[in-house]
Amino acid sequence: MNTKKLAQVFGVVFLLIGILGFVPGITTTGHLLGIFEVDILHNVIHILTGILALVFAGSAAKMFFKVFGIVYLIVTVVGFVQGDTVLGLIGVNLADNVLHLVVAAVALYVGFKKDTMVSSM
């Protein structure tokens, strides 16, 4: 999958996660799917991230993944250090922190990997 398509997938997934965070039944007692801690700001951040991924899915997709990966890595470290919050702004739990770490690693890999061209014979 090329970087542009991956940015589009990220965008759609983050939009859906943000929207689902507001849906009663899918989010109960502040936990999306009963696992991931969410709140209004957390959901809004997911929606804005999705929009940004879609906006930058063209020629700026690699830059999006670089910046997004670095920001998510910082969010991950702060979340692990603080345990239940990120700078007192959004609530997180261990599941959030682990997911943020995985997402940051994928984004950084995509953003910084060298593009290679495969030629046909």
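Bear in mind these aren't lab numbers, they're just calculated from the coordinates by the rules spelled out. Remember, it's a predicted structure, so these values are computed and weren't measured experimentally. Cβ coordinates were reconstructed from backbone atoms using ideal geometry, including for glycine residues, and neighbour counts include every protein chain displayed.
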Q | Helical mean residue ellipticity (222 nm; -39500 (n - 2.57) per DSSP H run of 4+; nearest 500) of the chain | A | -21000 deg cm²/dmol
Q: Could you tell me which trypsin sites (Lys or Arg not before Pro) in the stretch 35-121 are loop residues by DSSP with no more than 12 other beta carbons within 10 angstrom of their beta carbon?
A: Lys113, Lys114
Q. Can you give the convex hull volume per residue for the Cα atoms of the stretch 3-112, as a whole number of Å³?
A. 80 Å³
Q: Would you work out the relative contact order for the chain, in percent, from Cα pairs under 8 angstrom that are 6 or more residues apart?
A: 27 percent
